């Protein structure tokens, strides 16, 4: 093969693989609880301040997301998130669905709100709603791209 054909073939393979990888981007999710601390991020530095720093509900939610929603990437940088997830606990009766979750898009449109008896189930439900929305957004972007 000629050198020019090699170059063209390389460019085609490179562009195709780049487009495929961009299409496989995981949605980034930021977790906060309704009483959470202010979390700010600048470059490589994340600062947590105010009441609620180190909240166990937020930590448990992140753990549950990592275990039950591997198709998402959890971030501590709110500005890098595609979805914020707000979790709360009403501290109701033991058999009451007191673990609440609200999931929104980065622009604030609510995608999911619900409650469950267990935090892990609320997280799974929010994950399912996020992945459905992410798929719909990806499909819509693909159909509008020339």
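The values are calculated or read from the model by the stated rules, or taken from the named source; none is laboratory data. Predicted, not measured: the structure shown is a model, and the values here were computed from it. Note that we place each Cβ from the backbone using ideal geometry, even for glycine, and neighbour counts take in every protein chain shown.
To keep it simple, each residue is scored yes or no on (1) surrounded by fewer than 16 Cβ atoms within 10 Å (Cβ to Cβ); (2) within 17 Å of residue 33 (Cβ to Cβ).
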{"residue": "70", "(1), (2)": "yes, no"}
{"residue": "92", "(1), (2)": "yes, yes"}
{"residue": "95", "(1), (2)": "yes, no"}
{"residue": "100", "(1), (2)": "no, yes"}
{"residue": "112", "(1), (2)": "no, yes"}
{"residue": "132", "(1), (2)": "yes, no"}
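Exactly one residue among 87, 74, 123 is surrounded by 19 or more Cβ atoms within 10 Å (Cβ to Cβ), in contact (Cβ under 8 Å) with a residue 40 or more places away in the chain and not in a helix (DSSP H, G or I), and that residue is 87. Once the stretch 96-112 is narrowed to residues that are in contact (Cβ under 8 Å) with a residue 24 or more places away in the chain and farther than 20 Å from residue 56 by Cα, the residue that is farthest from the chain's Cα centre (by Cα) is 111. Checking residue 138 against (1) surrounded by fewer than 18 Cβ atoms within 10 Å (Cβ to Cβ); (2) part of a strand (DSSP E or B); (3) out of contact with any helix residue (DSSP H, G or I) (no Cβ under 6 Å at 6 or more places or on another chain), only one condition comes out false. Which one? All conditions pass for residue 138, except number (2). Checking the stated criteria, residue 131 turns out to be out of contact with any helix residue (DSSP H, G or I) (no Cβ under 8 Å at 6 or more places or on another chain) and modelled with pLDDT of 95 or more.
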